[in-house]
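What follows is a single structure, written as structure tokens, with notes after it.
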Amino acid sequence: MSDVLQVKQKSKDIRNDEINENSTISQINNKNRAIKKKNGAIIGLSIATGILALSTIGLGIGFGISQSNSMNYQNSLESVYKSNFYSMLDSVNNLETKLSKTLASDSSTYQRKTLLEASKNASEAEISVSFLPLSQSDIQDTIKLTNQISGYTSTLADKIASGENLDEDDKATLEDIEQSIMQLKNQLNEYARKLNSGVSILESSMEIDSNSNEFSKALSLNGDNSIEYPTMIYDGPFSDSVVNTTVKGLKGNKITKTEAMQDVQKYFKEAVDVTYESETKGKFETYNFRVKNSDEEMLYVQVTQVEGHILTISGAGEEGEQSIDIEQARSIALDFAKENGVENAEIVWSDTIENDVYFNIAPLQSGIVLYPDLVKVKINLTSGTIVGYDATSYFTNHTTRQLEKGSLTLEEAKAKVGSDYTVKQSRLVLSPLDYNREVVCVEVETTKGENTYYFFYNASSGELENVLKVIETDNGNLLM
Amino acid sequence: MKRKLMLLLSLLFICCISFAGTMATFKMNNDYSQEIVSTEAATTTAENRTIQTKLKRWGYYNGAVDGIYGSQTRQAVRYFQSKNGLAVDGIVGPKTAAALGMTLSSQKTSQSSSDLELLAKCVYAEARGEPYTGQVAIAAVVLNRVKSSSFPNTIAGVIYQPYAFTAVSDGQINLTPNSTAYKAAQDALNGWDPTYGCLYYYNPATATSSWIWSRQTVVTIGNHVFAL
């Protein structure tokens, strides 16, 4: 640096002899500063370039990592999809074999075995297919088919177990099912061949338009050669008859919106505000209201259009110090149910979750507890008011029934329970069993160790129909 | 020169910002991840004896096997935790107990209400801004799907079904639900269904699928239309 300066200084001296010393020095200083500035700029520039280069490299590396990460994610997802696709293919192949074997056999023991296996295969196929990336509209019939086949075949197996044989109708339905499953199997195998030639499920599934989406075509029943949906008539899991239940408990006249509003105002005398919200169409037709009890408490109330009963109330209860105890809550719940047309009823189950008590209230008919007609009430212990009510089961099922009390006495039923269970009490109940079947039973409440069990014995035949175990969970009790 | 420098500096600045931005995007996936809260568990005298015996056998503890969880035992537990990649807190919680090969009595044998948890998460993620009934209705739709033949047959199966819920694909399902969401889920599990069997719902303001519009609508609650 100083050499350069001297050289520059000399050249300056040669050119400008007249310039006096002082001014020369100041000029030199100025030049000096300018040069320093220039050098600073060069250093700054190189640092900046360096950082720029580094950050570009960093960005590149980051991008690279993310790309490879996302490739890994894609690959693992593709493997999950493939594994489920091949599982489904296996299950459908097996299902088809089991159905053919059932039809080929004339031994009822063997038919029962293959039907149970078919039911298992169908349910496995359903589980696999529900993991695949397909939209609900494409896949729902396939899920329904596998679910219904599973329910239908297990119902047939039960029929054989109870001593009956498969009739011609059953066999005809099984043949229809076999046909549909064969077509589905062919579609799936065709797609499996595509997978082998390198097609990816993930990429196929990105094809949103289902007309060009090979994958959804392979799994859907309405693909290129649409598969005929077999009709399965049975009372069992997933049968259509279970879904299409009708309302038995409402038969009177329709009321108007204004009348419904008056009813709501009558029930909620202390409400600050009642506003009409909307109408519900469907199984139950209702007028819906918003009831404001206080700033914290807002309820949603549905009133049936036929007969004008309160059908449901829902609201989140308040939190804070309890103003009533459980006994008081019990009478509030029973009074409300009674006021609303549920008479001659008693509380059959209660559970407290934080600040809310849930009561199940069942009506009685000649001393028999009608479990199918349960009304559920939720009382908030802080506000001391009803924050939940559900009478849908009641209005769906409640009618005056012809009930046979049977020959099994309460004492006989108690004696049937194993000796390691401590019997607490027993009573006559109408128990809802699988798929719209109602049976008069003797209910025996027992405990074993810390667990509570309920046994249900058929009051006519004395056979054990059901066992319920109370399962304590982190949030209240469950009946299983 | 100065201008060039400024230009360079601002370029550098933009570079840094974009770099940070990209990094942030890489990290985005974790935004909804949950915090794991460790819980302190008290151990019984019998359990303390087991802990002391095990630690003594493995050379972490030199004191007496007396069932008293004193400072020496605590020290030994810390030592054991640090050697085994556990959180070093000197407390035998579920994880440390598992590493010791024992089960604590305080670990509840009662069934976890995972169904309630999942349902509450779904309610919170899908409908936290909705009125209470709207939240019960979302949980009821999930349960109606479980019962329906056209959908998977478990709560988890329904919630995690591909393309079924947007909250699952965008990760909001992992948010921690509030108490209202739990209450709504609980009510639905207890049988409340303000939709009477609906299987679908959509927000008419944002729904894009033309297929969903063809379903028979039953009721509108808050911003959601519920349909069969």
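A short reminder: the numbers here are calculations on the coordinates, not readings from a lab. Since we're looking at a predicted model, the values are computed, not measured. Because the Cβ atoms are built from the backbone with ideal geometry, glycine has one as well, and the counts that use them run over all protein chains shown.
Restricted to the stretch A:337-402, the set of strands (runs of 3 or more DSSP E) holding at least 1 residues that are of a type in the set (Gly, Ala, Ser) comprises A:345-353, A:356-365, A:385-390. Residues in the stretch A:273-320 that are outside any loop (DSSP other than H, G, I, E, B), out of contact with any Phe, Trp or Tyr (no Cβ under 7 Å at 6 or more places or on another chain) and small (Gly, Ala, Ser): A:Ser278 only. Against the criterion of being more than 11 Å from chain A (Cβ to nearest Cβ), free of Cβ contacts under 8 Å to residues at least 60 places away in the same chain and surrounded by fewer than 22 Cβ atoms within 10 Å (Cβ to Cβ), B:Pro204 qualifies.
Let me confirm something: among A:Asn451, A:Asn380, which residue is buried (at least 18 other Cβ atoms within 10 Å of the Cβ), within 14 Å of chain B (Cβ to nearest Cβ) and within 33 Å of the chain's Cα centre (by Cα)? Only one candidate passes the filter, namely A:Asn380.
Taking the stretch A:334-372 as the range and being without any contact (Cβ under 8 Å) to a residue 60 or more places away in the chain and among the charged types (D, E, K, R) as the test, the residues that pass are A:Asp335, A:Lys338, A:Glu343, A:Glu346, A:Glu354, A:Asp356. Has the stretch A:131-143 got at least one residue that is in contact with a Phe, Trp or Tyr (Cβ under 7 Å, 6 or more places away or on another chain) and charged (D, E, K, R)? Within the stretch A:131-143, one or more residues are in contact with a Phe, Trp or Tyr (Cβ under 7 Å, 6 or more places away or on another chain) and charged (D, E, K, R).
Does A:Ala329 satisfy being of a type in the set (Gly, Ala, Ser), part of a strand (DSSP E or B) and crowded, with 18+ Cβ neighbours inside 10 Å? Taking the combined requirement at face value, the residue does not satisfy it. Scanning the stretch B:152-199 for residues that are of a type outside the set (Val, Ile, Thr) and more than 30 Å from A:Val303 (Cα to Cα) yields a total of 18.
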